[in-house]
Amino acid sequence: MNDNIWILMSADAIAIATTLILAGLGALFTERAGVLNLGIEGILLASAVSSFLAADASGSIWLGLVFGALIGAILASVHAVLSVVFRANQIVAGLALVIFGTGLANFLGKPAEGKTINTVIEPLSFGSLSDIPVIGPIVFGQDIITYSAILLAIVSSRYLFSTRPGLELRATGDDPATVDAQGLSVARIRIRYTMFGGALVGLGGAWLMLAQSAGWHQAATTNGLGWIALALVVFAGWRPMRIIFGAVLFGFTLQLPFTLQAEQITFIPSAFLEMLPYLATLIALIALSRPGSRNLLGAPRSLGSPFVRDER
Amino acid sequence: MSNTSHEVAQGPHHTSGAAPTALSAHSIDKKFPGVLANDSVDFDVRAGEVHTLLGENGAGKSTLAAVLCGLYQPDAGYLIRNGKRINLSSPRAGLQHGIAMVHQHFRLVDRFTVSENVILGSRDLPYRLIRREIDEKVAAVAESYGLPIDPEAIVGTLSVGQRQRVEIVKALYQGAEILLLDEPTAVLVPSEVEKLFENVHAMTAAGKSIVFISHKLGEVVEISDRITVLRNGRVTGHVSGRGTTDTKELARLMVGRDIELNSQRATHAMGHEVLQIRDLSLDVDDVAVLTDISFNVRAGEMVGIAGVAGNGQRELADTIAGLISPTSGSITISGAMTTDRGPIAAREVGLAYVPEDRLGVGLVPSMSIIDNLLLTRNRQTVVDRFSVRPEATRLIEQFEIKANGPDHLARKLSGGNAQKVLLARELSGGRTATRLLVVCSPTRGLDVGAIETVRRILNDARSAGQAILLISEDLDEVLSLSDRVLVLYRGAVVHEALGEAAELSQVGAAMAGLSSQSH
Amino acid sequence: MMHIPFRVVFEQRGETPRRLSLIVPLVSVLAALFFGALFLLATGYSVFDTYTNMFKGGFASFNGITDTLALSTVLICTGVSAAFAFQMNLYNIGGEGQLYLGLIGGAWAGIALGDHLPSLIMVPILLICGALAGAAWIFVPALVRSRLGTSEIVSTLLLTYIGASLIKHVIYTPGSFFRNPNTSFPQGRRVADSASLDSFGSSRLYPTFFVAVVVAGALYWVVKRTEFGYRINVISDSPRAAHYAGINSRRTTMMVMSISGALSGLAGAMLIVGPYGKIEPSIITLGYGYAGIVVAALARNNLAVIIISGILFSGLRVGGNNLQVTTDTPIHIGVMLQGAILLFALGGEAFRRYHIHIVRTQTQPNIKMSA
């Protein structure tokens, strides 16, 4: 019995990691292009609600997922246009998106509050594999989106480091002037990946809603996952494979409070357990910015600054 | 002179019967806010020749080159390539017509390998990149022009000359027939310049056209088949024939009047030692940047530090100014130890420092002249701008600064005027009277008039008994102004000579690391 | 490839025309309202009812205008908090969390000191304690930012979530110092009477409004006129020039971030001495700290203009909240419009900074000489 709950927790940790992987990859693609989108949290919320409404109206979870991704891409395109075309301050634009997305989510979610959807995304069936002790439920007890997210991270890694567009993407984030001199459109690349990143974040939000939560309850749905995803990208050194690892790690710290509570381990106040993921993120962030580790980080050099071809 | 006419404006076929014209530009106009950078410029280049664009900073050479490669679109005029009108909407379109630019500031991604940089932006690249295949292909292209490079090396770790080679290989890899080299020698040591020239000859022998952009007369005469001189955005003359050119005449076409840049060393008395540096060493991240440097500068003396960029000049200046703490050794200014005491302590005993970057380091761009005067001075808790105003007005007059009064923003000053503001502040003293002036690249990027003024100001300061340490990558400047010349190579002083006795060849060799004792 | 027949050209303006500085924010607000109207139409709510009720609720009544000023008290403080850090290109996104700590700091002083001191001493003590608590909450982000360069954006934000848990903890834990011991359901303990201010007449406006205005004005002066402000300006424009001039960036960063944190903490303490008198857990759902960032951005970080943008913005929120009573439109339209206004203002900023014009990309270039 005692073992069981820890296994369940591991399974849940990987499950929650799905949203982090998707949102983290979304942020990673955006940032690799040199755009800093702090609006992840807002996109997560808005796409979560939209996916819920779409799934509720159509009765199809899959349509809900698609809709979530679509809303994610649309909101990200607002950020892309502001920061790439209008050269606005990307930090403020991202924050505006958080506020806008939160308002939008709560506005749209108002009628949906308290509602639940009957169908949920079911875990895939691997037959008897799921009955293997310990690793069965952890490895073979997930749904298709979770497996897809992990696969996507692997594919992203290949894409980034051994394809032509991946090369161009990395160059855009590091040195847009060089990409421009090659006659490639920095603006087009940046807008494209910011939108793609937004779609991934939206997918993460939709999945969170449709596979994890019973229903819509305002901001409690995401609870700062978007911000954790941003820190995760730093933690992962802008490398897709490390996103998986970091997401699972953060997934554990997010699940730990529930498990400890269920285990009636109460000598730690629950409020402090709630703080744990944020505290862990903060500590990881500080540890990673120690001098010397800076070079390993590999932050895209032009991250957050608009590209202006210098015409005197 | 007869050759100031627009003789090349006629079209693809040239009279001389040489190789056909590969690319020509006709009546190019390019405007920027407030400047007409190109004013009805004509230019052409034939296959297998080196045609040089000669002109001062701001003459419009780089703008014309940018138009030729598709980076800028001209406001008027057109281009002819192999007899056909072409319209270059982007550098990529330029590349499609076989035109590539090697920029003065390399357009390379530091974190990428050489081959990644070379293939970036190529059109015929497969979707999947297999590292080994690409490395081999890049190496093969480089080899075929005698330009050896290591395809796996990370560009950020390469020397400037090597990076330039990567740029050239990249252009060739992309099928360039016409290469525009924008001030390619500005960053090279003499030995690397020679290697570059060999490569240029290899390329012209293979039928490539080279557009060489430069303001250095000597090398232009050496490398060019033809020369077009630009001034203030207009063509002022054409010269053909290698080695037969009158440099004086070229200088006149370039500058617009006869000019003697070699300013006279004033005769003057030298006083006591104002700056004393003993066994100064600096390690950054366990890499030795400065090693065992010792020298003095006396009152009324100008000591010049020559060297190629990146050999420790900036660090030496910053260390003397108290911005960096040395690993070992000592710095004494006017008899007071300033090692490790910070910039304010150094200024309190008479240091003044004109850094290499005027805007952004020496001056705060978004601040007014008044506020910039306050930058290195004592400020009260509530800043008193009122009492500085008369002094600011006086300095603007004294240093002939073109500005709409003391409230003029630093970023709206021209390069020369910004430098004058900086010199005015540093020489007028703040915390105490200036005794030692450290100047880095004081005339870089300035026009000829401003260069003269700045050099005069430095000479006057020396005559007034100030000790001056002049750090510059412009060897001519160092040699013509300094009483004594030190050469910095890899952070060490490798050569020392008196100003008049300094031999260009010896100093040049020392700058390249070929010091006499090693051979 | 698709050929686009025109190109948008951004030309940097040398000088921004004065009228644009006025027109652009105005048009941004109108554009956001127009966008909101489209959105309301699409979702089936009445545009007219929503906007007239928002306007009435926010500005066009005694209660409306006093409520607006009352709310602006807090938003001016959090706005100045954000903008003051912005002065040095520091992004204190965690004003929300520092405000929570301000609640705790203010409430602590108000409860611990008891009803012994006169209001005139008690209220400033509460405000100072709140400010100190806010400053303490930003201490770690400020320290790691100035020493290690750790992004203050993420660190201050993460601390907001931690602060929210802390608020819940001190209210929900049985026997907590901050919890009302007399009720069985979780509720904050009231501060001493002498620590509470009276509002003006029948309104809900407190004298702290003037404190907020004076603080904004004073900091405006500090940045413009003092040596501390001079340092901030040098560092924000060119950190290397600051280094060159021997200005200690680390210390200035610490100070600026601490002051920024203190201002958000002050906002929290103002809620204690003003309307609430205790820690009210629902405050953590109101997002006053986040709103401060919008207020600051709308004022383009001008510390004096924040007084105006704070009041306008408060009107929007008060009006939005009024919808709850008067229409069936969800009050969140208010938050949405905040975000939209900011997004449009950011877009509009480009028109202020650049001369934007559309050029046809000619298939035939201008030719002076025929070919």
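The values are calculated or read from the model by the stated rules, or taken from the named source; none is laboratory data. Fair warning: this is a prediction, and the values are worked out from it, not measured in the lab. Virtual Cβ from ideal backbone geometry, glycine too; neighbours counted across all protein chains shown.
Listed here are the residues, each with its yes/no results for (1) more than 16 Å from the chain's Cα centre (by Cα); (2) modelled with pLDDT under 85; (3) crowded, with 24+ Cβ neighbours inside 10 Å.
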{"site": "A:I138", "(1), (2), (3)": "yes, yes, no"}
{"site": "A:S148", "(1), (2), (3)": "no, no, no"}
{"site": "A:S156", "(1), (2), (3)": "no, no, no"}
{"site": "A:P176", "(1), (2), (3)": "yes, no, yes"}
{"site": "A:V179", "(1), (2), (3)": "yes, no, yes"}
{"site": "A:G183", "(1), (2), (3)": "yes, yes, no"}
{"site": "A:G204", "(1), (2), (3)": "no, no, yes"}
Conditions (1) touching a helix residue (DSSP H, G or I) at 6+ places or on another chain (Cβ under 7 Å); (2) more than 9 Å from chain C (Cβ to nearest Cβ); (3) modelled with pLDDT under 80 -> A:T266 fails only (1)
Per the list (1) of a type in the set (S, T, N, Q); (2) without any contact (Cβ under 8 Å) to a residue 40 or more places away in the chain; (3) over 24 Å from A:Q90 (Cα atoms), residue check on C:S72 breaks on (2)
Residues of the range C:120-143 being in a helix (DSSP H, G or I), buried (at least 20 other Cβ atoms within 10 Å of the Cβ) and β-branched (V, I, T), in sequence order, are C:V123
Quick count over the range B:114-134, residues being facing chain A (nearest Cβ under 8 Å), assigned to a loop (DSSP other than H, G, I, E, B) and exposed (fewer than 14 other Cβ atoms within 10 Å of the Cβ), is 3
Taking the range B:47-79 and keeping only residues that are hydroxyl-bearing (S, T, Y) and more than 14 Å from chain C (Cβ to nearest Cβ), one is left with B:T52, B:S62, B:T63
Note: among B:I451, B:I468, B:I457, just one is in contact (Cβ under 8 Å) with a residue 40 or more places away in the chain, closer than 23 Å to C:Y244 by Cβ, in a helix (DSSP H, G or I) and aliphatic (A, V, I, L, M), namely B:I457
What do you reckon, is A:I99 surrounded by 24 or more Cβ atoms within 10 Å (Cβ to Cβ), at pLDDT below 90 and over 21 Å from A:L63 (Cβ atoms)? yes
* May I ask you to verify whether B:D357 is modelled with pLDDT of 90 or more and charged (D, E, K, R)? => no
Can you find even one residue in the range A:46-61 that is within 14 Å of chain C (Cβ to nearest Cβ), modelled with pLDDT of 90 or more and over 19 Å from A:E113 (Cα atoms)?
no
Q) Does A:A69 qualify as being within 12 Å of chain C (Cβ to nearest Cβ) and under 21 Å from A:V155 (Cα atoms)? A) no
### Message
So for the range B:85-92 (the condition being within 14 Å of chain A (Cβ to nearest Cβ), free of Cβ contacts under 8 Å to residues at least 24 places away in the same chain and not in a loop (DSSP other than H, G, I, E, B)), does at least one residue qualify?
### Response
yes
Across the range C:1-43, the tally of residues that are assigned to a helix (DSSP H, G or I) and modelled with pLDDT under 80 stands at 6
Turns out the strands (runs of 3 or more DSSP E) fully within the range B:264-334 with at least 2 residues that are surrounded by fewer than 16 Cβ atoms within 10 Å (Cβ to Cβ) are B:273-284, B:287-298, B:328-333
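Listed here are the residues, each with its yes/no results for (1) among the aliphatic types (A, V, I, L, M); (2) in a strand (DSSP E or B); (3) closer than 25 Å to B:A251 by Cβ; (4) at pLDDT below 50.
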{"site": "B:N3", "(1), (2), (3), (4)": "no, no, yes, yes"}
{"site": "B:V8", "(1), (2), (3), (4)": "yes, no, yes, yes"}
{"site": "B:H13", "(1), (2), (3), (4)": "no, no, no, yes"}
{"site": "B:A18", "(1), (2), (3), (4)": "yes, no, no, no"}
{"site": "B:L23", "(1), (2), (3), (4)": "yes, yes, no, no"}
{"site": "B:S27", "(1), (2), (3), (4)": "no, yes, no, no"}
{"site": "B:L36", "(1), (2), (3), (4)": "yes, yes, yes, no"}
{"site": "B:D39", "(1), (2), (3), (4)": "no, yes, yes, no"}
{"site": "B:D42", "(1), (2), (3), (4)": "no, yes, yes, no"}
Checked B:A410, B:A424, B:A403 against criteria (farther than 16 Å from B:D460 by Cβ, more than 14 Å from every other protein chain (Cβ to nearest Cβ) and of a type in the set (A, V, I, L, M)); the one match is B:A403
Residue hits (the range B:424-442; in a loop (DSSP other than H, G, I, E, B) and within 17 Å of B:V303 (Cβ to Cβ)) are B:T434, B:R435, B:S441, B:P442
Here, helices (runs of 4 or more DSSP H) confined to the range C:207-316 with at least 2 residues that are within 14 Å of chain B (Cβ to nearest Cβ) and more than 19 Å from the chain's Cα centre (by Cα) are C:208-225, C:227-237, C:239-244, C:249-271
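Yes/no matrix, rows are residues, columns are (1) exposed (fewer than 15 other Cβ atoms within 10 Å of the Cβ); (2) closer than 27 Å to A:W227 by Cβ:
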{"residue": "C:A164", "(1), (2)": "no, yes"}
{"residue": "C:P174", "(1), (2)": "yes, no"}
{"residue": "C:S184", "(1), (2)": "yes, no"}
{"residue": "C:S202", "(1), (2)": "yes, no"}
{"residue": "C:T208", "(1), (2)": "no, no"}
Exactly one of B:R314, B:R377, B:R385, B:R394 is of a type in the set (K, R), in contact (Cβ under 8 Å) with a residue 40 or more places away in the chain and over 19 Å from B:C440 (Cβ atoms), and that one is B:R377
Please work out if B:R358 is surrounded by fewer than 19 Cβ atoms within 10 Å (Cβ to Cβ) and of a type outside the set (D, E).
no
Residue under question is B:G161, and the condition is that it be within 22 Å of B:E183 (Cα to Cα), over 23 Å from the mean Cα position of the chain (by Cα) and modelled with pLDDT under 90; does it hold?
no
- Please verify whether the range C:189-200 includes one or more residues that are within 11 Å of chain A (Cβ to nearest Cβ) and either closer than 26 Å to C:S81 by Cβ or crowded, with 17+ Cβ neighbours inside 10 Å (or both). no
Filtering the range B:397-423 down to residues that are surrounded by fewer than 22 Cβ atoms within 10 Å (Cβ to Cβ), in contact (Cβ under 8 Å) with a residue 24 or more places away in the chain and not in a loop (DSSP other than H, G, I, E, B) yields B:Q398, B:L409, B:R411, B:G415
* Within the range C:148-167, is even one residue more than 14 Å from chain A (Cβ to nearest Cβ) and in a helix (DSSP H, G or I)? -> no
Query raised in the report: Going by the conditions given, is C:L69 farther than 29 Å from C:G319 by Cα, crowded, with 17+ Cβ neighbours inside 10 Å and not small (G, A, S)?
Result: no
Q.
When you scan the range A:16-35, do you find a residue that is within 14 Å of chain C (Cβ to nearest Cβ), under 25 Å from A:W238 (Cβ atoms), in a helix (DSSP H, G or I) and without any contact (Cβ under 8 Å) to a residue 24 or more places away in the chain, even just one?
A. no
